[in-house]
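First the structure, in the form of structure tokens, and then the observations on it.
Only the coordinates and a few stated rules stand behind these numbers; no lab work does. The structure presented is a predicted model; accordingly, all values stated were derived computationally and were not measured. A quick note on method: Cβ atoms are made from the backbone with ideal geometry, for glycine too, and the neighbour counts reach across all protein chains shown.
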Amino acid sequence: MGFIDLLIINRLMFIAMEHSIKKHILCLFHSLTGNYWKYRDQFIKTPGHYYLSIDLDSSSSSEEQEARLNRINKIPKYISTERAFFNSQTNSIQKTYTYAYDGLNYYIVLPKNPSENLISSLLFVRKMVLRIGILYKYKSSIEMFFASGFLLTDRHVLTCAHYFDPIQWGKEKVSYDKIYVCFLDPASETYFLLNDPNNFLIQAKILRRGLIEDNMSDYDEVKSNTTDLAILELDKVAPHIQLNEYFDPKLHSSSESNIIPINSELFLIGYNGELTEDDELKPYKYLKGFENLTIDALNYSHHVNYKSISIGRLKQESSIDSKYAMHDCSTLSGSSGAVILDSSGKFVGIHIGVVNSRKEKKNEFFFNQETFNKFIQVNSKPFREFIRQAIIPNMHNHELVQKWSSDSK
């Protein structure tokens, strides 16, 4: 990218700020860094992803233009499966906490007085948390969805399986095309759609979705009885961590020792995606405290596009009837796959999404007082089996294998 290119991009950013049209600048991100400059007006940002129809021509007939609009209108509907919470003590939306940098080291400022073990774990896991972009292609159009995940080793990522479900596009089911990861903080969604001149992205592939007995292919959707976990392998070693540097889950030899009491404090670390549509407020319409809710307020309180920490409590443990536990750490779209720690800094599970939402007659879903976020606990039978089947076989460090083996027997 040359000097003139930078001047033009700076001018675009200035115009955007001058007219307070921040979200419209997202449509221009491909300006001089890719092959889509001439199509810049056709980028559409829908909740959680971008859409582009690239079979465009200024000489198109009115019939072709109408067909193009019809295709745009048939973009697969994105439904957020995350829930933000209201803090009755502060009389405001529950906020997340970001990492700060003093020029030498990262640090965090949290309410109350967290233990040294917790602070140490939160600072270390910051390096392991990453943002995932999943690219879908259909004919001459693309979509990009976003997720959270974290490094188990310098090449392997743990996240949720449902992110890689095929999407229904028109009359066809479309599987994902490519997977990218980014370790930046912030990791703007626009990074994933640039030509990546600074090598911020690493491509990845799926090693396993669910358990062996789930028998999942790229065209299978995660079901209620599927273990919603996935392992990715990076095309190259993550450049920001040292050799044999890894996350210690701090598991005990007995699964009973990993049980945490109800109402215990939990800490969720991941990325929250930026909300852009007022329709994303509809699920909150019956909740007390959210009467004057706005998109800007949700985005601001959740530090969208940044790695951040959400603090909540365990509301219900997993059981024979449900493999998922419930929590009230506040999240927005794109945070599934985030790491959850307890107050001692011990790994307790992976955030999955929302549970107990309801549907109205128009098939629109909404939240009630019993709607919580859910996660799969590391001491649960499905997670322990996933460790045995998918995590340990992909580890080549004996010490790390021992760390994860303690709870998988």
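How big is the Rg/Rh ratio for region 134-270, C-alpha atoms only, Rh by Kirkwood, two decimals?
On the way: Rg = 17.2 Å, Rh = 17.1 Å.
Across region 134-270, the Cα-based Rg/Rh ratio is 1.00.
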Two-site label geometry, D278 and Q402: point separation in nm, points 7 Å out along Cα→Cβ: 6.0
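Could you grab the relative contact order for region 180-251? Cα pairs under 8 Å, six or more apart, rounded to a whole percent.
With pairs under 8 Å counted, the relative contact order is 30 percent.
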Distance in nm between pseudo-label sites at E116 and S224 (7 Å out along the Cβ direction from Cα): 4.8
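Calculated FRET efficiency, L104 and Q168, Cβ-Cβ r, R0 56 Å, to nearest 0.05?
0.65
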Intensity falloff of region 111-154 expressed as log10 I(q)/I(0), Debye formula with alpha-carbon point scatterers, at q = 0.17, 0.22, 0.29, 0.33 Å⁻¹: -0.65, -0.81, -0.98, -1.08
Between region 289-357 and region 372-389, the Cα center-to-center distance that results, in Å: 16
For region 211-226, Karplus couplings with θ = phi - 60° (6.51, -1.76, 1.60), whole Hz, Gly/Pro x: 8, 4, 5, 6, 6, 8, 9, 5, 9, 9, 9, 5, 9, 5, 9, 8
Computed log₁₀ I(q)/I(0) - Debye formula, equal Cα scatterers, no solvent, region 229-341, q 0.09, 0.20 Å⁻¹: -0.36, -1.27
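If I take R0 = 41 Å and measure r between the Cβ atoms of A297 and S319 in this structure, what FRET efficiency does the formula 1/(1 + (r/R0)^6) give, to the nearest 0.05?
Working: r = 35 Å, r/R0 = 0.86.
After rounding, the FRET efficiency stands at 0.70.
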Chain lengthening between E364 and R388 when straightened (0.36 nm per residue, less Cα-Cα): 4.7 nm
